[in-house]
Amino acid sequence: MLEGGCNNLNQLAKLAHQQGFAFAKTKIMGLLDEFNKIIERI
């Protein structure tokens, strides 16, 4: 589980370098929204 999270974090860092921080921020904020919705259901 933890390894998957680290891989995802590395992918987001790579995305930020390739596409720019603003694009990565938008992607990260969307993922956080999805995560929060999942947590609310628990």
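The values are calculated or read from the model by the stated rules, or taken from the named source; none is laboratory data. These figures come from a predicted structure and were not determined experimentally. Here Cβ is always computed from backbone atoms with ideal geometry, including for glycine, and neighbour counts include all displayed protein chains.
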Within the set of pairs 6+ apart or on separate chains, which have a first residue in the stretch 20-42 that is touching a residue at least 12 places away in the same chain (Cβ under 8 Å), a second that is hydrophobic (A, V, I, L, M, F, W, C) and loosely packed, with under 12 Cβ neighbours inside 10 Å, and C-beta atoms under 9 Å apart?
A24/A13
From the list G5, G30, which residue is at pLDDT 85 or above and in a helix (DSSP H, G or I)?
G30
